[in-house]
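As structure tokens, the structure follows; a few thoughts come after it.
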Amino acid sequence: MAELLDITVGFIIALIVSSIIIWFVAKITGEKEGIGTAFLAALVGAIIYAIVYFLLGNGLLAAIVGGIIWLLALKALYKIGWLKALLIAILIWIITAIVGIFLPTLAGPL
């Protein structure tokens, strides 16, 4: 039971951090949608990757397929074109990598 609680809390924290990063990137790229859309994008992204990795396993193919589907989701949620969705996704990836250096990982004892 404690392990399920740890996983749930970890997921919620990751979702909050992801939502803030997506919201920030959307704002710097000129999008008007708020934090709710960013939260939805983070949640949809997590669901997409979970399903794709379940179906295709870990690997490059799963990452590419999941990434393309997530670009479709960004495109729809923010009502933007492919290139802007790609730009937003790349900026999210870069900022997430930078933030990941400073935030502790959720695996292992804290």
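Yes or no, residue by residue, for (1) surrounded by 17 or more Cβ atoms within 10 Å (Cβ to Cβ); (2) more than 18 Å from PHE24 (Cα to Cα):
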residue	(1), (2)
ILE48	yes, yes
LEU61	no, yes
ILE64	no, yes
LEU77	yes, no
ILE80	yes, no
LEU91	yes, no
ILE94	no, no
ALA97	no, no
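When only residues in segment 5-46 that are more than 17 Å from TRP93 (Cβ to Cβ) and aromatic (Phe, Trp, Tyr) count, which is surrounded by the most Cβ atoms within 10 Å (Cβ to Cβ)? Here the residue is PHE39. Close Cβ contacts (under 7 Å, 6 or more residues apart or on different chains) running from residues in segment 1-26 that are under 16 Å from THR96 (Cβ atoms) to residues that are polar (S, T, N, Q) and surrounded by 12 or more Cβ atoms within 10 Å (Cβ to Cβ) comprise ILE21/THR96. Could you give me the residue pairs with C-beta distances under 8 Å whose first residue belongs to segment 94-110 and is of a type in the set (Ser, Thr, Tyr), whose second residue is modelled with pLDDT of 65 or more and assigned to a helix (DSSP H, G or I) wherever it lies, and which are 6+ apart or on separate chains? That search, which allows pairs on different chains as well, returns THR96/SER18; THR96/ILE21.
The values are calculated or read from the model by the stated rules, or taken from the named source; none is laboratory data. Quick caveat: nothing in here was measured; it's all calculated off a predicted structure. In this analysis, Cβ positions are derived from the backbone assuming ideal geometry, glycine residues included, and neighbour counts consider all displayed protein chains.
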